[in-house]
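FYI, it's all coordinate maths here, none of it is from the lab. Please read these numbers as outputs of a predicted model, since none were measured by experiment. Quick reminder, even Gly has a Cβ in these numbers, built from the backbone with ideal geometry, and neighbours come from all protein chains shown.
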Amino acid sequence: VRVAEHRWGDVAPLREVLGDAGAEVVLAADIFFSSVDYEDAICSAVAAMGTGPSRFLVAYENRVATREIHYVLQKWGLTARMIPLETFLSAEDDEEASSDFSSIALFEVTRA
């Protein structure tokens, strides 16, 4: 497992480290604050995914109803599937977490 800092939109270091095949899994959380950054973040995810079979898992909190990442995903030929948070919560955690995480969603992004 390799973990590294990355500047969104700077794809050259990703290609250098990962090669054409890319990573099997790209993880990101809480990266969509400003819609200005959506394009760079998705561009970086696509570069990290490379040409091999890959998926991009991203936790996303939609803070403003008028801003969504779906249009950027479509532009890059990607599709997203929401993974229910309940998948990761025990029955005991479910009640407490439902209020804490009600605005957060986990998406699995793959090539369309």
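Placing pseudo-labels 7 Å out from each Cα toward the beta carbon at residue 63 and residue 10 gives an inter-label distance of 2.3 nm. Computed from the C-beta positions of residue 20 and residue 103 and an R0 of 41 Å, the FRET efficiency is 0.65 to the nearest 0.05.
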